[in-house]
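Student: Here it is: the structure, laid out below.
Bear in mind these aren't lab numbers, they're just calculated from the coordinates by the rules spelled out. These numbers were taken from a predicted model, which means no experiment stands behind them. Don't worry about glycine lacking a Cβ; one is built from the backbone with ideal geometry, like all the others, and counts go over all protein chains shown.
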Amino acid sequence: MLINIGFPARFNVADLGCSSGPNTLLVISEILDTMHVMCQQVNQKSPEFQVFLNDLPVNDFNSVFKSLPTFYQNLKKDKGDQFGPCFVSRMPGSFYERLFPSKSLHFVHSSYSLHWRSNSPENLENNKANLYMAKSSPPNVYKAYFVQFQRDFSSFLSLRYEEIISGGRMVLTFIGRIRPLSKECYDDWDLLTKSFLELVDEGLVEATKMDSFNLPFYTPCEEEVREIVEKEESFNLDKMEIVETNVDPSDDLSNERFVFNKYKSGKNIANGIRAVTEPMLATHFGESIMDILFTRFTHHVAQHLTMENKKVISMLAHRQIKEAMVEVRSVPCMNAGDEATSYANNSLLQKTVILKTRPVLEETIKDMLINTGFPARFNVAYLGCSSGPDTLLVISEILDTIHVMCQQVNQKSPEFQVFLNDLPGNDFNSVFKSLPTFYQNLKNDKGDQFGPCFVSRMPGSFYERLFPSKSLHFVHSSDSLHWLSNSSENLENNKANLYMAKSSPPNVYKAYLEQFQRDFSSFLSLRSEEIISG
């Protein structure tokens, strides 16, 4: 890719469906390693990196973001000050919908996600007593699953075509199968179905609930993937590989000391499947049966595993890798959750301030657009926004102002890239769960011709660099800059006081002022690097 398009000043990467486990940053590290080596080989200055981690709004990324300071520190230690910098943010949403502004990405990666469907197929009433496709399923069930995969994967390709620059790349890894009706496409699900049916017989699960559930899952074969890529026409299929792995990751052929134990392997396999399916199963069947369900499942998997067949029945046995080419310290954090003492339930003062400063917000945006014109993409950062109910209020005010201006001068609306910033330890789960409603309200109020708008989270301190150079049009911060990066030093003579007080000696006041001077000067200097001229 870099041979064809050259080294950009900013390299934008998206990892779609990356989830929030220990491997979330592993792929990003691999991509950065590759770029670092190439830059050294051709004596090229390193680009800046904007990385977007994508998964559904309900997924919890708090642990990932808490690990980012260490990730950045290791990056600097391993590659030096001349590499990057790298800025990692979260983009919540389904990859079966638009996620990014037009032609804004250079590289897209997705691993172990595209076998999940946007919805379960419809009209599967005759697939009773099965969770998925099975030997007993009638032909229409297989067809319905394939048709659903066709719709979803075609939509995925079309959407990414809008978002990736000409000459960009995608690398997609997902579970597949060798032949259209290979038994590995349903073997493990048969064992889970068997476990469910036992609970039905025992009266622990209602038969009607069992009959009404179908897994939103499909593992395509190579021919199906090729057919869709060629028919959809947005991408050229540059390379496809089939890689066989063991479903139990501890059973690796390179591990010569591994001793096969079917009960231990059964537990490993069952735990892996439970980790990815339990949320949807608990929603439909209830949480109370999950432990007994997966105890049964573990037993059935162990019984099914033998030295002869343990590699064949793996649900993760065949990965299809597609590479496609596009042609054309202690810190202040707010109380999370929704309890009585949470920030979400105690932020009325902040809302009042936001509403009172609305005229200044509007005037500033209007003045900027008059001087710089209307860009095709308008990038906004809300710094120190926290995660209460008013987090999206400021964004709504900004969008309202631009919408009115566009109508007044008969100007096409730009696309909007919005970054919500706060410290890594702050909980943004409730904000992201509300985004689908926010987007829907935006569409209802302003119509299809406005935007679209793409909201992501940028974790980090605003007393450090957060964004690539000259990448932002507008920055807003409300009720945050009075928080200092650190407590002032050398205040041993301020005993019995939490802060400046009447009893504090003069050096305490001076120390606080100097800390503010350092912090605010740093803030201004950093933003000057990130905001465009004008």
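Student: Of 66/470; 194/267; 412/443; 143/231, which ones are farther than 22 Å apart at the Cα?
Tutor: On the way: 66/470 26 Å; 194/267 17 Å; 412/443 15 Å; 143/231 18 Å.
Result: 66/470 exceed 22 Å.
Student: Kindly provide the trypsin sites (Lys or Arg not before Pro) of segment 24-129 that DSSP labels as loop, not H, G, I, E or B, and whose Cβ sees at most 10 other Cβ atoms within 10 Å. Walk me through the numbers before you get to the answer.
Tutor: Values: sites: 45, 66, 76, 77, 79, 90, 98, 103, 117, 128; in loops: 45, 98, 103, 117, 128.
Passing sites in segment 24-129 are 45.
Student: If you don't mind, another one. For segment 41-131, I need the span (max minus min coordinate) of the C-alpha atoms along each principal axis, in Å, sorted largest to smallest.
Tutor: Here the spans come out as 62, 30, 24 Å, largest first.
Student: Using modelled backbone amide H atoms (1.01 Å from N, in-plane), which distant-in-sequence or interchain residues come within less than 5 Å of residue 91's amide H?
Tutor: The list, which skips near neighbours in sequence, is 53, 54, 55, 457.
Student: From the phi angles alone, apply the Karplus equation (6.51, -1.76, 1.60; θ = phi - 60°) to segment 194-200 and give each ³J(HN,Hα) in whole Hz, x where the residue is Gly or Pro.
Tutor: Rounded to whole hertz, the list is 4, 5, 5, 5, 4, 6, 5.
Student: As a quick test, which of the pairs 103/239; 128/262; 264/433 have an alpha carbon distance above 26 angstrom in this structure? Kindly include the intermediate steps, with their values, before the conclusion.
Tutor: Values: 103/239 23 Å; 128/262 30 Å; 264/433 37 Å.
In this structure, 128/262; 264/433 exceed 26 Å between Cα atoms.
Student: Now for a separate question. Using DSSP to call loops (not H, G, I, E or B), can you name the trypsin sites (Lys or Arg not before Pro) in segment 441-534 whose Cβ has at most 11 other Cβ atoms within 10 angstrom? Intermediate values should be presented prior to the final figure.
Tutor: Numbers: sites: 443, 446, 457, 465, 470, 495, 502, 510, 518, 527; in loops: 465, 470, 495, 502.
Listed in order of number, the matching sites are 495, 502.
Student: Kindly write out, for segment 74-79 in residue order, the coupling ³J(HN,Hα) from the Karplus curve 6.51 cos²θ - 1.76 cosθ + 1.60 (θ = phi - 60°), rounded to whole Hz, with x marking Gly and Pro.
Tutor: 5, 4, 5, 5, 6, 10
Student: Non-local amide H neighbours of residue 86 (under 5 Å, H modeled in plane, Pro and chain starts lacking H): which ones?
Tutor: Amide H neighbours of residue 86: 49.
Student: Something else about it: So what are the ³J(HN,Hα) numbers for segment 423-437, from phi and the Karplus equation (6.51, -1.76, 1.60; θ = phi - 60°), rounded to whole Hz, Gly and Pro as x?
Tutor: 5, x, x, 7, 8, 9, 4, 5, 5, 6, 5, 8, 4, x, 5
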